[in-house]
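Remarks on the structure that follows.
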Amino acid sequence: MAKLQEKFLIFIDAADDAAMYPLSNLLGITVASDGQLLLKFKSSVGGSTGTEHDSVALTITADTEKAVMQSIAKACGDAYSDAAIVIADDVNSVYVNSNITACAITLDS
């Protein structure tokens, strides 16, 4: 059986401000507040303690958390999708789910 290639998640919150994480670095997705999901990743720039985490906050339509999380999971689980999956691109208004309206990337350095 062929080995599945690693998936990467892309987030763009402004011109010249973007991040791409391997799916294997996703630690979890939580509801941060009504209308916001928080995705936590192993830090891309952090120190050596292993406790540093980057985060991406997705602004979403209120009460659509489950649908948005399911869309992200479906995109990641699709064996035939591209290796690089755009989750949120604020510059071009491209989102994996139409209930996502914005994203904000925070690096833990």
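A few remarks follow.
- Sum of side-chain charges, residue 30 neighbourhood, beta-carbon under 15 Å (Lys, Arg +1; Asp, Glu -1): -1
- Rounded to the nearest 20 debye, the dipole size of the chain about its Cα centre is 460 debye, using +1 on the Cβ of Lys and Arg and -1 on the Cβ of Asp and Glu.
- Considering helices alone, the calculated mean residue ellipticity of the chain at 222 nm is -4000 deg cm²/dmol, with DSSP H runs of length four and up weighted by -39500 (n - 2.57) and normalised per residue.
- Taking the average, over residues, of other Cβ atoms within 10 Å as the packing measure, peptides 60-70, 25-35 rank 60-70, 25-35 from highest down.
- Checking the Cα-Cα distances for 7/40; 42/66; 40/66 against a 19 Å cut-off, the pairs over it are 42/66.
- Quick note on the range 8-106: its Rg to Rh ratio, both from C-alpha atoms and Rh being the Kirkwood radius, is 0.95.
- Between the listed residues 81, 30, 96, the Cα displaced farthest toward the positive end of the dipole of the chain, a dipole computed from Cβ unit charges relative to the Cα centre, is found at 81.
- Beta-bridge orientation, the chain: approximately 85 percent antiparallel, per DSSP, counting only bridges with both partners inside.
- Ranked for footprinting exposure by Cβ neighbours inside 10 Å, fewest first, 100, 12, 85 give 85, 12, 100.
- Charge sum, other residues only, whose C-beta stays under 14 Å from residue 90's C-beta, Lys/Arg counted +1 and Asp/Glu -1: -4
Values quoted throughout were computed directly from the atomic coordinates according to the rules given, and no laboratory measurement underlies them. Remember, predicted model here, so these are calculated numbers, not experimental data. Here Cβ is always computed from backbone atoms with ideal geometry, including for glycine, and neighbour counts include all displayed protein chains.
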